[in-house]
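K.L.:
Have a look at this one before I ask anything.
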């Protein structure tokens, strides 16, 4: 396991814990469930532990990353033109003089 993998796994674990804790505290504050903040912190650790297990399995079984999905392949550099010509936008000619006549007043 390299440093980039551990940083990725740590970020995923912390994000999972914060999201789970926030959801539990929100549910507690709206009286959807009766759960104190200490219990919410303990219960929120369970999804974080599962995120560590999933990330460790992904790092050892799949691409070496905590993600299980394959990483997108970078676009080929040859597909882009080297120096595209600048686009010109035609500008209509200005009206030479306004139409003569009375000016409307409000």
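K.L.:
Averaging over all projection directions, find the projected area of the Cα convex hull of the range 1-66 and quote it in nm² with one decimal place. Show your work: numbers first, answer last.
P.N.:
Details: hull surface 17.7 nm².
Answer in nm², one decimal: 4.4.
K.L.:
Separate question: Say R0 is 35 Å: what FRET efficiency, to the nearest 0.05, do residue 53 and residue 29 get from their beta-carbon distance? All intermediate terms of the calculation are to be shown ahead of the outcome.
P.N.:
Details: r = 30 Å, r/R0 = 0.85.
Rounded to the nearest 0.05, the efficiency is 0.75.
No value in this document is a laboratory result; all are computed from the given coordinates. Worth saying up front: this structure is predicted, and the values here are computed from it rather than measured. Note that we place each Cβ from the backbone using ideal geometry, even for glycine, and neighbour counts take in every protein chain shown.
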